[in-house]
Amino acid sequence: MKDVHKSSTTDEAGLLYDPGVREAMSAFALGGNTLALEAAAAIRSAAQAVDRLRGHGAGGRGLSTGALDVLARLSSGPETGLSIGELARAAGVSSRNVTGLVDTLARDQLAERVQDQHDRRSVRARITPAGREWLASFREPTQRAMTALFRGFSPEELAQYRHLCLRLAENQRQLERHLPQETP
């Protein structure tokens, strides 16, 4: 499906769409209406574009986008750090995944594990001074890249795009409550 996103054209309303995606999704569409499936594919394509750009900047600096997300969350977290569970819930990923990302950050001395002051059995992760320096050096190129990526979007369009994406995420969370839970 990755190769389907090659070129866009405009529909009768002057809105962009991808003919390859439309054709591919027609096999799955009920009643021939591909709009929701095309929208999902466009969101995935846009998310991949943002991740590729972020990854390009972070990758040259030795961090995956997941590790970068954890580091950013730690930078705005409390001085006592955040638990693995808190980081996992905030990022919407498993604790196991976050543990691996914290391991990577700790290995690179960008984060450290510290004992929870209120529960000696728990460990928290917090950003180190080197981690803060890393983020500071990453900030300016990231801002330039995001400005270029969202070139031509008005503040109102960006706010609407953010709103629509968060509505989708909320719908997914609502649906997930009704789905069978996976067993390990």
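Filter the range 125-161 for residues that are over 26 Å from Ala46 (Cα atoms), without any contact (Cβ under 8 Å) to a residue 60 or more places away in the chain and not aliphatic (A, V, I, L, M) and give the result.
Arg126, Thr128, Pro129, Arg132, Glu133
Does at least one position in the range 113-124 carry a residue that is touching a Gly at 6+ places or on another chain (Cβ under 8 Å) and in contact (Cβ under 8 Å) with a residue 40 or more places away in the chain?
Looking for residues that are touching a Gly at 6+ places or on another chain (Cβ under 8 Å) and in contact (Cβ under 8 Å) with a residue 40 or more places away in the chain, one finds at least one in the range 113-124, hence yes.
Which ones in the range 42-89 are of a type in the set (Asp, Glu) and either modelled with pLDDT under 85 or exposed (fewer than 14 other Cβ atoms within 10 Å of the Cβ) (or both)?
First pass over the range 42-89, keeping only residues of a type in the set (Asp, Glu): 51, 69, 79, 86.
Selection gives Asp51, Glu79.
Listed here are the residues, each with its yes/no results for (1) open to solvent by 30 Å² or more (accessible area, probe 1.4 Å); (2) in a helix (DSSP H, G or I); (3) within 14 Å of Leu63 (Cβ to Cβ); (4) touching a His at 6+ places or on another chain (Cβ under 7 Å).
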site: Thr99; (1), (2), (3), (4): yes, yes, no, no
site: Val102; (1), (2), (3), (4): no, yes, yes, no
site: Arg120; (1), (2), (3), (4): yes, no, no, no
site: Glu133; (1), (2), (3), (4): yes, yes, yes, no
site: Pro141; (1), (2), (3), (4): yes, yes, yes, no
site: Ala145; (1), (2), (3), (4): no, yes, no, no
site: Gly152; (1), (2), (3), (4): yes, no, no, no
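Check Val114 against each of (1) farther than 28 Å from Ala49 by Cβ; (2) open to solvent by 60 Å² or more (accessible area, probe 1.4 Å) and name the one condition it does not meet.
(2)
The values are calculated or read from the model by the stated rules, or taken from the named source; none is laboratory data. Not measured: the values here are computed from a predicted model. Note that each Cβ is placed from the backbone with ideal geometry, even for glycine, and that neighbours are counted across all protein chains shown. These accessible areas exclude ligands, DNA and RNA; they are computed on the full protein's heavy atoms, side chains included. Shrake-Rupley method; radii C 1.70, N 1.55, O 1.52, S 1.80 Å.
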